[in-house]
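Inspection log for the structure reproduced underneath, given as structure tokens.
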Amino acid sequence: MRPRNTPPRLLLFAAGLAALAGCGTVTAADPPPAAPPASVSSASAAPAVDRADLEARARYAQTRLEHVYVTGAEGYTPAPRSAGVVGDDGFQVTYVDGKGGEVTLSTERRPFPAEECVAGPPDGDGCEAEGGGWYRRSGDRHAYLRNENGLRVEVAAPLAVPRDLLRRAAAGAHRADDAELDAVLPRATAPAGPVERGDLPPVGDGAPDNSVGTGG
């Protein structure tokens, strides 16, 4: 009996299967390809700020975390070692532009009474209500003030600093978050605990030994 010819279509299908079998295909026993490493955002890569350390630094500065406010002014950066206590437990920091300009932000637990805002002559010393707070000019300085969270929040500068820049800095003043606290709070430089003195005698009332010895 004459053999039946295989249809050309089936021959092509069989050839395709053979070609696939010869390629490096992944079987069920093979491990899946490794996924590319996920990118890490800068926010997740930044180390967490130690809240206990921030509180200790606030105590060292004789202030409270909730009294620390910060702001921004174009061209200005916080002056080194300018941050610290004002009043009993308030806080202040001065921003400088490197050309003699300065803007000082301060907070104190003594809200500004509206009756203290007395208008003066145009372009002279005086005070006026503005934007939920006050603008005050006195001598060679001017300032924006507002009451917030039981605090007087004041942004002041010499008259050489433009009023619109001062206004924007005052509007941007806000309670510092943890990252801002870490950036602005001073760091303790004194050793922890009492300082050991070498001139104290081991017995007696602890008065310093100021003797000069024989022939002194």
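Read-outs: derived from the displayed coordinates by stated rules, not from any lab. All values derive from a computational prediction rather than experimental measurement. Positions of Cβ are backbone-derived with ideal geometry, glycine not excepted, and every protein chain shown enters the neighbour counts.
The table below lists the values:
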item: Segments classed as strands (runs of 3 or more DSSP E), wholly inside region 47-154, with at least 2 members that are touching a residue at least 24 places away in the same chain (Cβ under 8 Å); result: 91-96, 102-108, 133-138, 141-148
item: Failed item, numbered, when R136 is tested on (1) crowded, with 20+ Cβ neighbours inside 10 Å; (2) under 22 Å from the mean Cα position of the chain (by Cα); result: (2)
